[in-house]
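Below: the structure, in structure tokens.
Just so you know, all these numbers are worked out from the coordinates, no wet-lab data involved. This one's a predicted model, so the numbers in the text were calculated from it and none came from an experiment. Methodologically, a virtual Cβ is constructed for each residue, glycine included, from the backbone with ideal geometry; neighbour enumeration extends over all protein chains shown.
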Ligand SMILES: *Cc1c(COP(=O)(O)O)cnc(C)c1O
């Protein structure tokens with residue numbers, strides 16, 4: 001599955017479920033819970049895994065298979081499992097491999113629900129974790145490896161801090177210690193970085209974000225080598241976090257335009273980042289492909305483009321951040337990201353409000369930090385709306 005004669009864009013479009021007798025050009029939705037067998041022998045052999053074939057949509061479905069086959073080609077992995085949400089993907093990518101007594105080494109800057117899995121759920125099954133600060137060097141990571149460490153789990157760029165982790169160094173460390181290396185690649189997407197280039201064993205996704213890119217569905221995926229995914233498939237098949245065929249169909253269509261959307265997201269984000277750097281009321285702008293980003297060189301090495309997310313800070317603290325949001329006319333106030341529509345969030349008072357100010361600072365959140373998911377509207381309209389809100393919130 002990981003080899004193809006085609007380029008990224010072509011794979012995203014031309015990987016398609018076999019045409020039916022109806023000769024359709026666009027793939028239909030296989031809205032069926034189960035699949036019929038030709039005869040008793042085919043049923044027996046399919047259940048015995050002697051032949052490949054669909055049995056029941058909790059196990060596999062043509063729409064989800066098409067979505068996963070595309071994603072495998074884009075992420076350079078052999079195999080994968082589609083899940084009903086990004087969190088289902090995160091959870092089974094961890095739970096398929098860990099048992100009582102094991103330990104996870106993770107970046108402190110993680111998506112909120114992933115943090116809840118590590119701190120609130122895994123301890124129930126006697127699985128412990130250690131967090132490493134996003135700015136820590138590779139020696140600190142190595143120092144925190146224990147004899148029972150089974151997995152390293154990271155996200156890069158981080159949310160909302162947009163700090164990067166060095167995937168090459170972490171990949172080597174994981175390999176040296178024979179630890180599974182799991183990378184949540186949701187922020188970057190396979191168009192911008194392929195964690196398998198740097199030794200990732202598992203690549204996890206929330207397809208809800210840039211992969212769908214239009215704010216229509218919730219979905220996820222776990223990808224990796226065949227023998228790794230076999231474990232994940234076993235867990236998925238028997239615990240049931242299956243993606244619905246309708247969402248598999250939508251997300252496979254979404255991948256067809258991933259490359260053009262990401263080019264535009266990144267172009268708009270870089271233009272907006274440079275524009276904000278020139279505004280006197282803006283005290284700081286963070287975007288991986290701005291030369292002022294503290295890890296600009298790493299970003300250039302590890303990422304093909306800077307991504308669709310940026311953050312900035314306004315003079316004036318928490319109240320200013322909230323007034324800014326209330327002054328926006330066009331940009332949406334919503335928890336999603338990676339949408340065609342530009343979105344602003346204020347992490348200090350929303351997504352990360354449960355953290356103490358000191359904990360917020362540790363993951364890069366200051367009181368007036370604004371996170372922007374830069375959409376695909378005309379860049380001048382995005383700039384105008386933000387500038388107007390900056391003025392109004394003074
Ligand atoms: C949104 C998100 C998730 C969770 O995905 P859902 O599809 O909302 O379940 C996980 N990781 C990251 C980095 C995310 O942004």
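Got a sec? How would 125, 249, 198, 141 order by Cβ neighbour count within 10 Å, fewest to most? Walk me through the numbers on the way to the answer.
Working: 125 12, 249 25, 198 18, 141 21.
Final ranking by Cβ density, sparse to dense: 125, 198, 141, 249.
What does the C-alpha gyration tensor say about the overall shape of the stretch 213-264? Classify as rounded when a/c is under 1.5, otherwise prolate if a/b is larger than b/c, or oblate. Verdict is oblate for the stretch 213-264. Given R0 = 30 Å, the distance between the Cβ atoms of residue 226 and residue 377 translates into a calculated FRET efficiency of 0.15.
How would you classify the stretch 79-127 from its alpha-carbon gyration tensor, with a ≥ b ≥ c the square roots of the eigenvalues: rounded for a/c under 1.5, else prolate if a/b is greater than b/c, otherwise oblate? Note, shape of the stretch 79-127 comes out oblate. Rank these for me by crowding, 238, 346, going from fewest to most other beta carbons within 10 Å. Taking fewest neighbouring Cβ atoms as first place, the list is 238, 346. Springs between Cα atoms under 10 Å define the GNM used for the chain, and in it the highest mean-square fluctuation of 100, 57, 349 occurs at 100. With everything on Cα atoms, drop me the angle between helix 379-392 and the longest principal axis of the chain, reported from 0 to 90° to the nearest 10. Tilt of helix 379-392: around 50 degrees.
Estimated purely from DSSP H runs of n ≥ 4, each contributing -39500 (n - 2.57), the mean residue ellipticity at 222 nm for the chain is -11000 deg cm²/dmol once divided by its residues. Take the Cα of residue 45, step 7 Å toward its Cβ, do the same at residue 357, and the gap between the two points is 7.0 nm. Considered as an equivalent ellipsoid built on the Cα gyration tensor, the chain has semi-axes of 36, 26, 18 Å, the largest given first. Axis of helix 258-277 versus longest Cα principal axis of the chain: the two differ by about 10°, to the nearest ten degrees.
Between the stretch 270-336 and the stretch 134-179, the C-alpha centres lie 26 angstrom from each other.
Once Rg and the Kirkwood radius are both taken over the C-alpha atoms of the stretch 170-262, their ratio Rg/Rh works out to 1.00.
Taking 0.36 nm per residue of separation and subtracting the current Cα-Cα distance, fully stretching the chain between residue 126 and residue 143 would add 4.0 nm. Modelled spin labels at residue 37 and residue 21, positioned 7 Å past Cα toward Cβ, are 2.2 nm from each other. Segment residue 388..residue 341, full-extension length gain: 15.1 nm, with 0.36 nm per residue of separation and the alpha-carbon distance subtracted.
Quick one: 292, 49, fewest Cβ neighbours within 10 Å first, how do they rank?
Arranged by neighbour count, lowest to highest, 292, 49 become 49, 292.
What is the distance in Å between the Cα centres of the stretch 342-394 and the stretch 210-260? Taking the Cα centre of each part, the stretch 342-394 and the stretch 210-260 sit 29 Å apart. Report the residue, chosen from 207, 236, 45, that carries the largest GNM mean-square fluctuation when the chain is represented by alpha-carbon nodes joined by springs under 10 Å. Sorting by GNM fluctuation, first place goes to 45. Taking label positions 7 Å along the Cα-Cβ direction at both residue 284 and residue 8, the computed distance is 3.0 nm, reported to one decimal.
Against the chain, whose longest principal axis is taken from its Cα atoms, helix 226-239 shows a tilt of about 90°.
Centroid-to-centroid, using Cα positions, the stretch 38-107 and the stretch 17-37 are 20 Å apart. Restricting to the chain, what percent of DSSP beta bridges are antiparallel, rounded to 5? Around 55 percent of the beta bridges assigned by DSSP in the chain are antiparallel ones.
Working note: Cα gyration tensor of the stretch 258-392, eigenvalues times five, square-rooted, sorted largest first, giving semi-axes of 22, 18, 14 Å. For a test of the definition: using alpha carbon positions, the gyration tensor, and the 1.5 limit on a/c, classify the stretch 16-77 as rounded, prolate or oblate. Judged from the Cα gyration tensor, the stretch 16-77 comes out oblate (a/c at least 1.5, b/c at or above a/b). Highest mobility in the GNM of the chain, judged by mean-square fluctuation with C-alpha springs under 10 Å and restricted to 124, 362, 304, is found for 124.
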